[in-house]
1. Heavy atoms only, probe 1.4 angstrom, no DNA, RNA or ligands counted: give me Arg523, Arg374 ranked by accessible area, highest first.
2. If I stretch the segment between Ser362 and Asp539 completely, what's the gain in nm (0.36 nm per residue apart, minus their alpha carbon distance), one decimal?
3. Run the numbers on the range 99-180 and let me know its relative contact order in percent, using alpha-carbon pairs under 8 Å that are six or more apart.
4. Roughly to the nearest percent, how much of the accessible area of the range 421-461 is carbon and sulfur, given a 1.4 Å probe?
5. Using a 10 Å cut-off on Cβ atoms, rank the peptides 225-231, 605-611 from the highest mean neighbour count down.
6. Residues with beta-carbon under 12 Å from that of Asp271, excluding Asp271: net charge, scoring Lys, Arg +1 and Asp, Glu -1?
7. Set the Förster distance to 51 Å, then compute FRET efficiency between Glu275 and Glu65 from the Cβ-Cβ distance, nearest 0.05.
8. If you take the charge dipole of the chain about its Cα centre, with +1 on Lys and Arg Cβ and -1 on Asp and Glu Cβ, which of Leu151, Ile232, Gly294 is farthest toward its positive end?
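The values are calculated or read from the model by the stated rules, or taken from the named source; none is laboratory data. Note that the structure is a prediction, hence the values are computed from the model and not measured. Cβ placement follows ideal geometry from the backbone for every residue including glycine, while neighbour counts extend to all protein chains displayed. Protein only, heavy atoms only, side chains kept; ligands, DNA and RNA dropped before computing areas. Shrake-Rupley method; radii C 1.70, N 1.55, O 1.52, S 1.80 Å.
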Amino acid sequence: MDKHIMKSANEAAERIIEWGEAHKIETCFERAEKLKPCPIGEKGACCKVCHMGPCRLVGKNAEEEARGVCGATLPTVAARNLVRMIAAGTAAHSDHARDMVLTLLAAATGEAKDFQITDVRKLYRVAGILGIEFEGRPVNDVAKDVALRFLEDYSRQKGEINYAKRAPKKTQERWRKWGIVPRNIDREIAEAMHRTSVGVDHDPDHLLLHGLKTAIADGWGGSMISTDITDILFGTPRPVKAEASFGIFKEDEVNLVVHGHEPSLAEMIVDVASEPEMIAYAKSKGAKGINLGGMCCTANEVLMRHGIPTAGGFTNQELGIMTGLVDALTVDVQCIMPAIAELSKKFHTKIITTSEKAKIPSAVHIEYDEHRAREIAREIVKLACDNYQNRKTEGSHITDKFPVVAGFSHEYIEYMQGGRWRASFRPLNDAIMAGRIRGVVGLAGCDNPRVPSTGIHKYLATELIKNDVLIVSTGCGSAACGTAGYLTPEMALEHAGPGLREVCEAIGIPPILHLGACVDNSRILTILSAMAEEGGLSDEIGGMPGVGIAPEWMSEKAIAIGCYFAASGVPVIFGGESPVGSSEEVTRIMTEVWYERFKGAMHFEPDPEKMLALALDYIDKAREALKLKK
Ligand code: NFS
């Protein structure tokens with residue numbers, strides 16, 4: 001096999017990597033090859049929470065016999081390491097969400113005058129869930145109350161986060177029984193850091209329970225808040241056609257790429273880029289217009305709401321620059337490789353950092369401030385236009401692209417099954433009960449240069465739909481499918497099993513529904529809760545014929561997501577080496593014990609075929625337990 005095929009499973013990406021190799025340009029793919037993971041840290045057996053160590057808990061019978069200088073056992077160390085990953089992932093999603101809450105508040109009070117409430121219906125829906133009166137009140141007053149209520153999720157010392165009550169009753173009962181309903185997001189993150197510092201909590205099960213509590217604060221807290229506020233401010237997505245892969249860049253237009261996670265500035269850039277004044281500015285620089293594209297989760301946000309094309313997910317960020325066609329790339333927070341700043345020097349691309357939280361040496365810094373959003377967006381668009389003239393001929397100039405259909409919010413999925421007056425999840429439940437749809441898989445998480453990047457996503461996507469499994473995808477899972485041409489209704493005709501195909505044809509949907517960015521995994525929680533409420537399947541999230549898979553995960557955020565699904569009752573399968581693989585006890589807790597208590601579990605399985613078999617096995621066992629048709 002050609003050695004290049006080992007780097008990316010995406011043909012266009014592979015051609016850029018080859019071009020880079022020929023031009024001696026290094027990417028994450030070469031760095032991943034050069035830097036082999038430390039086998040001790042990789043499996044969670046290295047403790048560095050104090051400076052008596054780092055202690056490496058290895059050797060024969062390490063599980064029973066190895067001790068750190070303080071006496072910490074391997075299960076303690078592995079559990080602690082995982083809980084710290086959950087805390088970091090939850091912090092990332094929830095700090096993003098905090099900024100969304102503050103933007104909503106500033107929009108409602110008129111301080112952020114460039115933002116308004118776009119989706120009043122969604123605002124009312126959220127207000128209703130929060131118990132905030134909305135009828136007959138000015139929209140901005142309701143929005144202000146909603147924002148203030150969400151801020152309590154970052155400050156109340158006792159009680160429960162607002163959205164815990166959105167879970168099915170039985171799911172909530174399980175959480176209460178095990179004491180894992182979060183009080184406030186920041187408190188659970190702080191307590192996770194406290195408990196895992198030297199000399200505090202040493203019981204692996206007890207530690208991991210707090211890990212689940214912290215993860216719930218992500219899924220049913222930060223992530224869900226972020227999804228809802230983004231819908232309120234910028235609109236709830238509905239199906240939209242767009243394009244994906246590197247061919248979205250245009251030779252004769254200014255190419256400006258939005259990369260990162262927080263959608264507010266990107267939304268403003270989308271708005272500003274269509275202003276006649278800005279287009280005229282681009283033309284004055286010799287370009288035919290302004291072409292916006294996205295990367296990573298910001299791409300998913302603006303793709304879902306505006307059909308802005310995506311250049312792909314995490315491992316595509318360096319490759320996008322290597323096309324030579326990107327005039328400017330704005331980044332904010334999360335999943336941004338610092339390598340892009342150095343790489344951009346070989347091209348004409350300007351990297352613009354925009355968050356007060358994140359800078360990269362040598363990048364241009366234009367700090368975003370929601371109070372001057374439009375002005376800042378204009379400054380960025382102009383900078384991209386100015387740089388168009390510096391474009392050189394260098395670059396791979398790869399032009400492949402695929403059509404995609406995205407925009408499947410949970411509200412739209414409900415609506416498409418019954419129309420405005422009869423919107424419900426009944427048809428989906430019925431199709432599952434009748435066996436036309438065997439089950440549902442959430443295909444999510446990152447793409448990773450440690451495996452032929454995006455390849456496991458593609459393999460699982462085709463095999464699952466062949467087996468009549470409906471896929472809901474988010475984040476880089478969606479990007480992997482989109483850049484492979486899988487996010488179209490035609491995919492159902494060509495590859496889906498007969499039952500799933502029938503359902504897709506009847507409703508006119510693709511067999512892989514793009515639900516949005518990584519924070520929008522919370523939409524899957526909402527869908528599962530609605531399915532439980534609808535009746536006919538399980539009356540809680542646990543026991544549904546559904547599985548979560550993150551086959552190429554790399555981020556701590558993915559671990560937080562996996563754990564909130566497990567705590568909610570979803571068996572989850574992650575690819576790659578297990579970060580707790582050194583400890584049998586921790587592995588047992590996260591699979592068997594969690595399954596017993598919550599009907600969810602978290603597995604790590606590097607073999608894609610075994611991942612598929614495990615997912616189908618969970619689905620079939622759930623069907624059997626529910627006495628559903630084979
Ligand atoms: Ni989520 Fe992975 Fe990052 Fe988005 Fe992509 S890498 S955990 S999908 S961009 S957050």
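1. On the way: Arg523 0, Arg374 55 Å².
Heavy-atom accessible area, descending, gives Arg374, Arg523.
2. So the chain would gain 58.3 nm between Ser362 and Asp539.
3. Relative contact order for the range 99-180 comes out at 27 percent.
4. On the way: 850 of 1420 Å².
Summing carbon and sulfur atoms, their accessible area is 60 percent of the total for the range 421-461.
5. Values: 225-231: 28.3, 605-611: 15.9.
Put in order of decreasing packing, that is 225-231, 605-611.
6. Local charge sum for Asp271: 0.
7. Working: r = 68 Å, r/R0 = 1.33.
In this case the efficiency is close to 0.15.
8. The listed residue farthest towards the positive side: Leu151.
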